[in-house]
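The values are calculated or read from the model by the stated rules, or taken from the named source; none is laboratory data. Not measured: the values here are computed from a predicted model. Here Cβ is always computed from backbone atoms with ideal geometry, including for glycine, and neighbour counts include all displayed protein chains.
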């Protein structure tokens, strides 16, 4: 049972499979390199102009393009740590310098992030909800942070898990970007939309930001099947979001069961839970593996456990209950 990659536990919708099958009859042709139809559909869905949207091979691919467009040797990229593990890798690829700001209480320390900005900073990454802890920053504190960021520094709100958020105090990044030219939002079809294998992500930002992403795009990066699946997923969004509701409900059940069993589990608004385990991290991961459950360990820190089907989650909960010790947060 794989609970290590934050994937949707549900297979593709029939309508999405039909769209992919139809698109497969044209795989002798190159895809639309600009993903024109998908770009337009996203612009309509989110109520933004077409030139505010840039599509790429997953949100990771979009972020790589953006870093390449905005960085130069010596440029700094500021982000919380631990956060999404791709950030340091992508910064290195762009020849930028990573500035890691420690989490506070398992979430972003926005004051410390703002304090870390220098005249060499080109970008600040805010993963909200944060991967791997699942924690969030609230609207008032995020707006206060954005007010402290110089206009020349781009703030990228990584919202890969936005569809799982139920706390009304967690802002939608699209509400923040509209009147702030230095704010952009990353989203993905890999999680809630269940298209992880096809690699489709997108950025919404002001024209100078979206244009920078498009200028560094590898031609034909988003293949024809991926574009067709993403379009079909947008058309079936209500059906997909019913699945998200199942995951949200299951998330609550898993966290409540862990808390009742004596585990310390921070609140989460994503499709996973986080256990701070310190030096016991790898041992607990091995215990889960022995029970047939793959989780994601971060050695010396903790584990991220994706929310799966109830059957998968029950197997994990049984392994956690059988473990001889508990974490203390």
Among the residues of region 13-34, which ones are assigned to a loop (DSSP other than H, G, I, E, B), farther than 27 Å from residue 242 by Cα and either in contact (Cβ under 8 Å) with a residue 12 or more places away in the chain or outside the structural domain of residue 51 (by the TED database) (or both)?
26, 27, 29, 30, 31, 32, 33, 34
What tally of residues in region 43-92 results from selecting those that are in contact with a helix residue (DSSP H, G or I) (Cβ under 8 Å, 6 or more places away or on another chain), within 22 Å of residue 175 (Cβ to Cβ) and assigned to a helix (DSSP H, G or I)?
9
Positions within region 93-134 being assigned to a strand (DSSP E or B) and under 19 Å from residue 203 (Cα atoms), in sequence order
122, 123, 124, 125, 126, 127
Can you tell me which of 228, 210, 184, 160 is within 16 Å of residue 35 (Cα to Cα), touching a strand residue (DSSP E or B) at 6+ places or on another chain (Cβ under 7 Å), in the same structural domain as residue 23 (by the TED database) and in contact (Cβ under 8 Å) with a residue 40 or more places away in the chain?
210
